[in-house]
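Take a look at the structure below.
The values are calculated or read from the model by the stated rules, or taken from the named source; none is laboratory data. It should be emphasised that the depicted structure is a prediction, and the values quoted were computed from it without experimental measurement. Using ideal geometry, Cβ is built from the backbone for each residue, glycine included, and neighbour counts are taken over all protein chains shown. Note: areas computed on protein heavy atoms with side chains; ligands, DNA, RNA excluded. Shrake-Rupley method; radii C 1.70, N 1.55, O 1.52, S 1.80 Å.
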Amino acid sequence: MFGIALILAQMVYKMKRIGVITAGGDAPGMNAAIRAVVRSAIYHGLEVIGIERGYAGLIEGRYRILDRRSVGGIINLGGTILRSVRCEEIKTDEGIQRAAEFMKSIGIEGLVAIGGDGTFRGASRLYRASGIPIIGVPATIDNDVAGTDETIGFDTAVNIAVSAIDKIRDTATSHERTFVIEVMGRKRGFIALEVGLAGGAEVVLIPEVKVDLDEVCKVIVEDRRAGKISSIVVMAEGAGDSRYVANYIAQKTGQEVRLTVLGHIQRGGSPTAKSRILASHFGYRAVELLLTGERKRMVGIQGDEITSVDLDYSWMVEKELDLNKYRLVGILK
Ligand code: F6P
């Protein structure tokens with residue numbers, strides 16, 4: 001009886017105010033996602049509150065109202081206009097309680113959380129503590145979120161790293177050197193694999209595939225004997241200590257080896273068209289899900305289709321990496 005009454009109430013009640021937040025590491029395209037959420041919400045007659053400084057802002061009570069104009073001219077900007085500071089407090093029960101109370105106090109009836117797996121882990125706890133529906137929008141350069149083929153920012157980071165490798169290849173060839181290039185990816189090798197394939201790397205080192213460094217050295221030495229004049233080793237930061245790897249290769253092969261750590265350069269700058277378009281679709285769908293009464297989902301893309309999964313799936317399940325791409329690097333080098 002009560003269940004039916006609730007469903008009927010939800011059918012006639014229309015949400016009035018939602019919040020949007022960016023949390024975790026920033027990703028190029030987050031601004032395009034904020035813009036899409038705000039403009040889709042306003043299109044549907046909702047008011048939008050932008051939470052500032054990520055989860056820290058939910059705990060500290062930092063927010064501003066976002067209208068259509070406030071998100072003008074940001075689709076091409078990297079970073080996030082709402083900012084996103086790393087927040088340890090949201091991992092505690094007290095932090096979650098304070099955030100939940102603040103959301104209720106400002107009358108938020110739904111939240112769109114833009115971020116990665118850490119953001120969604122926090123969002124799930126926040127949903128349980130507040131009862132306020134939360135829709136996740138996957139945005140992280142790492143692409144390590146289950147339930148979506150791609151996350152916002154991944155394509156941009158890959159393109160930045162590939163153009164860096166193209167430049168490094170010029171100098172590597174001129175000096176007949178081997179370069180170890182460390183790319184981001186704290187726990188996973190999605191960026192490294194994509195970048196290695198697109199950059200024509202000789203070797204890719206990722207956390208998902210354990211390799212013997214002596215075998216790597218053998219490949220590099222044999223390549224030289226076969227006429228190659230430079231080698232590129234692309235390494236995910238989660239695959240180990242790149243300084244150690246570069247030194248090891250230098251010692252074992254007797255070659256001149258240089259290390260380049262691309263670092264945060266991969267997270268900044270203008271998002272690619274692909275990242276912006278993905279963000280626009282995700283932002284729109286997130287608002288739609290809130291309006292249709294969904295309570296705890298994450299939007300995603302599977303093939304060409306914009307889809308959604310349970311929010312918990314996104315951070316509880318380990319996303320699969322396509323090992324065919326890894327084999328292809330070895331065949332095409
Ligand atoms: O999760 C995105 C990411 O860029 C990882 O690839 C990287 O390990 C981490 O964030 C770096 O975090 P921070 O900017 O806090 O040092």
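If the only charges are +1 at each Lys and Arg Cβ and -1 at each Asp and Glu Cβ, what is the size of the charge dipole of region 200-288 around the Cα centre, to the nearest 20 debye?
Dipole of region 200-288, to the nearest 20 debye: 320 debye.
I want to make sure I understand the PRE zone here: with the label point 7 angstrom from the Cα of SER163 toward its beta carbon, which residues in region 40-83 have backbone N atoms less than 17 Å away?
Hits in region 40-83 for SER163 at 17 Å: 76-79.
Based on the alpha-carbon set only, what is the convex hull volume of the chain divided per residue, in Å³?
Once divided by residue count, the hull of the chain is 132 Å³.
Taking a probe of 1.4 Å, how large is the accessible area per residue of the chain, in Å²?
I get 45 Å² per residue for the chain.
What does the helix-only formula give at 222 nm for the chain: each DSSP H stretch with n ≥ 4 adding -39500 (n - 2.57), the total divided by the residues, and the result rounded to the nearest 500 deg cm²/dmol?
Per the formula, -14000 deg cm²/dmol.
Taking the Cα centre as origin and putting +1 on Lys and Arg beta-carbons and -1 on Asp and Glu beta-carbons, what dipole magnitude results for the chain, to the nearest 20 debye?
800
Can you tell me which of 141-150, 174-183 comes out highest on packing, and rank the rest after it, using the mean Cβ neighbours within 10 Å?
Highest-to-lowest ranking by the protection proxy: 141-150, 174-183.
If you split all Cα-Cα distances of region 217-314 into 10 Å bins from zero, what percentages do you get per bin, shortest first?
Pairs per bin, as whole percents: 12, 26, 19, 18, 17, 7, 1.
Can you give the FRET efficiency for ILE306 and ARG243, using 1/(1 + (r/R0)^6), R0 = 56 Å, r = Cβ-Cβ distance, to the nearest 0.05?
Once rounded, the FRET efficiency stands at 0.85.
With all protein chains present, how much of the accessible area of the chain (probe radius 1.4 Å) comes from carbon and sulfur, to the nearest whole percent?
Result for the chain: 53 percent of the exposed heavy-atom area is carbon or sulfur.
In nm, give the distance between the simple-model label positions of VAL261 and GLU88, each being 7 Å from the Cα along the Cα-to-Cβ direction.
2.1
Could you give the distance between the Cα centres of region 117-190 and region 55-114, to the whole Å?
22
Report the one residue of VAL211, ASN31, GLY136 whose Cα lies farthest in the direction of the positive end of the charge dipole of the chain (charges on C-beta: Lys and Arg +1, Asp and Glu -1; origin at the Cα centre).
Towards the positive end, the residue furthest out is ASN31.
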